[in-house]
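S.K.: Sharing a structure below in structure tokens format, with a few things to ask.
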Amino acid sequence: MAETQFMPPVTQPHSRLHGCWFPAVAADNFQGWKQIGVKGRQASRSYGDLQALRMVWSSDSHKTPKTIIEVQPTPGGSTLEKLPVEIKNQIIDHLVLDIPPSGLATRNEDLMSMLLTSRTLHSATLNALYRNITIPHSRIFRKFLDHVTEHPELGTIVRRLDFSHFNPIPLFTTESERATTRNLTHETMLQCLKLTPFLREFLAQEHVDDDIDVHVLRELFFGMSNLRGLDFCACSSASFKAAFETVLSDNWPLALPIRRLSFHRCIYLPSAVFELLLPRLPYLTHLDVAGTTITDAALMSIPHTANITHLNLAKCKHLSSEVVIDFLTNHPAVKNLVFLSLASDFRSCELLNEDGISRLIPVLPATLRSLSLKGSKMNKSHIRSLRPLTKHLEELALGRGLQVEDINRLFIPDEEMEQLDWIPHTLKYLDLSDYIVGSLDLSAFFNNASLLNHHSAPLEVVEFPDDDAFKHLSSSKTIKDAGWNKNEFGSRAWLVRTPKGARDSGLRDWKMGATFWGMRKIPVASADVGGRYGSYMFQRRL
């Protein structure tokens, strides 16, 4: 350390009190004033010692600074790759699109990028990419079929084949042009099913019904022991009907593994199909036979071991009200119903009259969340019976015959009732589409009804017939001031409440991926709704 010397002040050269030492360097062993002890205690209460003030001395002045060495992760050793398989799968699942892009746009770009990231993520991404296969057009089907033919192990991953978005129009203008490509035929469909032995859900619709022949049906019903969900929505071609009629004469097993079955709008299938199939479904939970020829005998033949939570009997003209009420009253398979549609078109067929409604409502279970009585004949006495149901229902479709004051009573107590005894309702959706022009005083309804004020909360959606009277009145300033807006989709029209805060997403377990209210088709797979299924659920009239 450099030698120091005392420098007296110029004005007082003989003073030893004033002046300074130069250079201003402390002794080698000095560590600051806070380190000086007096009688075993630190005497200084200064906020920092001289070292903290960065004076020239420091006990660490000769230490070599540490060198930071960056450690490169080994392949497969990143945080994401080391996550448990279940968590990785859930993360990657967020990149999967249930609804494909429109037209011929590129799909699953993010998943394709994940395939190239690492071997660990490649394996996890393959599972997400091939587990649920959505086919929007035949070129995608051919590409998928070529891949699983070349790599059969990929077919073992597939759990769902979804044709609900299939649309041949972007590629072909005529049916004959589509047939010449031979991308999707009954031969290639059968080949695909044989390459996907662990398939659990097969979702078809009217645009592929000509590609479902007797061999495809045999593979679905007899060759796939893991199949749980089967949807033939609106399949009504002559070839589809002929294939079913042929397979009826086969030697069927006593029990099938199918749990969720939809023949929604399969209007040309013979009654024998249901009379043969339904007794062989001991594990049935979802059944949609809306618009079919199902008979009383077929309905009553459902095994007692079934546990049906979703049942759609809308527009089934071959069913009688007596058998339907008896079935819902006494059959053990329907004690836990969540979704029930007994809707009908009163202009062509009436399933439930006033007496039928009076007998039906008291036997409905408390598990019910959606009930459609559309097309039935009702009167004001039914409101008292309906009130207990509105304490757990979220969707309710009313029959015709009620007045504005009757409907109001669903939301407010009668004058003779004690306010403390009143339990608020849970309805989110109310269907009044049976009330065509002249059957309901819409002017009085919109001006005075409790339905449109705060008494009806948490009600969000009210469906009306899509006619000129509704369109005129629903556009009035009174409706908008009350916090409601008109919404139309296809052949249906609603009033939708404007939320003051965050809107209810509409997601419910029992809706299996649907978010809108008032669905008219039962889903058989949990997925985002779109394509032809979305049309039959939310866009079309009954």
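The values are calculated or read from the model by the stated rules, or taken from the named source; none is laboratory data. What you are looking at is a predicted structure, and each value in this text was computed from that prediction instead of being measured. No Cβ is skipped: glycine too gets one built from the backbone with ideal geometry, and neighbour counts run over all protein chains shown. Please note that ligands, DNA and RNA were not included when accessible areas were found on the heavy atoms of the full protein model with its side chains. Shrake-Rupley method; radii C 1.70, N 1.55, O 1.52, S 1.80 Å.
S.K.: Classify the range 368-521 as rounded, prolate or oblate from the Cα gyration tensor: take a ≥ b ≥ c as the square roots of its eigenvalues, call it rounded if a/c is under 1.5, otherwise prolate when a/b beats b/c and oblate if not.
M.R.: Since a/c stays below 1.5, the shape of the range 368-521 is classed as rounded.
S.K.: Additional query: Multiply the residue gap between Thr181 and Glu86 by 0.36 nm, knock off their C-alpha separation, and tell me the result in nm, one decimal place.
M.R.: Length gained between Thr181 and Glu86: 30.2 nm.
S.K.: While we're on this one: List the trypsin sites (Lys or Arg not before Pro) within the range 370-421 that fall in a DSSP loop (any state other than H, G, I, E or B) and whose Cβ has at most 15 other Cβ atoms within 10 Å.
M.R.: Sites meeting the loop and neighbour criteria: Lys380, Lys391.
S.K.: If you don't mind, there's one more thing I want to ask. Given R₀ = 25 Å, FRET efficiency for Ser239-Ser348 by Cβ-Cβ distance, to 0.05?
M.R.: Calculated value: 0.35.
S.K.: Local charge sum around Thr120 (other residues, Cβ-Cβ under 9 Å, Lys/Arg +1, Asp/Glu -1)?
M.R.: Net charge around Thr120: +2.
S.K.: Right, something else. Taking the Cα centre as origin and putting +1 on Lys and Arg beta-carbons and -1 on Asp and Glu beta-carbons, what dipole magnitude results for the range 478-540, to the nearest 20 debye?
M.R.: Magnitude of the dipole: close to 160 debye.
S.K.: Please go through the range 438-542 and write out the trypsin sites (Lys or Arg not before Pro) that DSSP classes as loop and that have at most 10 other C-beta atoms within 10 Å.
M.R.: Sites meeting the loop and neighbour criteria: Lys500.
S.K.: Rounded to a whole number, what % of the accessible area of the range 201-347 do carbon and sulfur atoms account for, probe 1.4 Å?
M.R.: C and S atoms contribute 51 percent here.
S.K.: Over the range 188-305, average the accessible area per residue using a 1.4 Å probe and give it in Å², no decimals.
M.R.: About 34 Å² of surface per residue is accessible.
S.K.: In square nanometres, what is the average projected area of the Cα convex hull of the range 288-433?
M.R.: 8.6 nm²
S.K.: What value in Å³ per residue do you get for the convex hull of the alpha-carbon atoms in the range 185-239?
M.R.: 66 Å³
S.K.: Over the range 191-333, one equal point on each Cα, no solvent: what is log10 I(q)/I(0) by the Debye formula at q = 0.09, 0.18, 0.21 Å⁻¹?
M.R.: -0.25, -1.06, -1.46
S.K.: Between the range 241-257 and the range 455-475, how many Å separate their Cα centres?
M.R.: 46 Å
S.K.: Let me ask something else about it. Measure off 7 Å from each Cα along the Cα-to-Cβ vector at Ser526 and Met300, then give the distance between these two points in nanometres to one decimal.
M.R.: Reported label-point gap for Ser526 and Met300 is 3.7 nm.
S.K.: Among the lysines, select those whose C-alpha is under 19 Å from the C-alpha of Lys477, and discard any that sit fewer than 8 residues away in the same chain.
M.R.: Correct list for Lys477: Lys486, Lys500.
S.K.: Across bins of 10 angstrom width beginning at 0, how are the C-alpha pair distances of the range 153-265 distributed, in whole percent?
M.R.: Taking all Cα pairs of the range 153-265, the binned fractions are 13, 46, 33, 7, 0 percent.
S.K.: Another question about this same structure. If I model a spin label at Thr367 and Lys500 as a point 7 Å from the Cα along the Cα→Cβ vector, what separation in nanometres do I get?
M.R.: Simple spin-label model gives 3.6 nm for this pair.
S.K.: Please name which of Met512, Leu452, Leu473 has its Cα lying farthest along the dipole of the range 452-539 towards the positive end, using unit charges on Cβ (Lys, Arg +1; Asp, Glu -1) and the Cα centre as origin.
M.R.: Selected residue: Met512.
S.K.: Here's something else I'd like to know. Put a dot 7 Å past each Cα toward the Cβ at Thr478 and Ser113; how far apart are the dots in nm?
M.R.: My value for the distance between the label points is 5.4 nm.
S.K.: Just to confirm the filter: which trypsin sites (Lys or Arg not before Pro) across the range 297-367 are DSSP coil and have at most 10 other Cβ within 10 angstrom of their Cβ?
M.R.: Arg347
S.K.: Holding the Cα-Cα limit at 23 Å, pick out from Lys315/Lys521; Lys315/Lys377; Lys88/Lys143; Lys317/Lys374 the pairs that are longer than that.
M.R.: Result: Lys88/Lys143 exceed 23 Å.
S.K.: With the contact rule set at Cα under 8 Å and sequence spacing of 6 or more, what percent relative contact order holds for the range 185-226?
M.R.: It rounds to 60 percent for the range 185-226.
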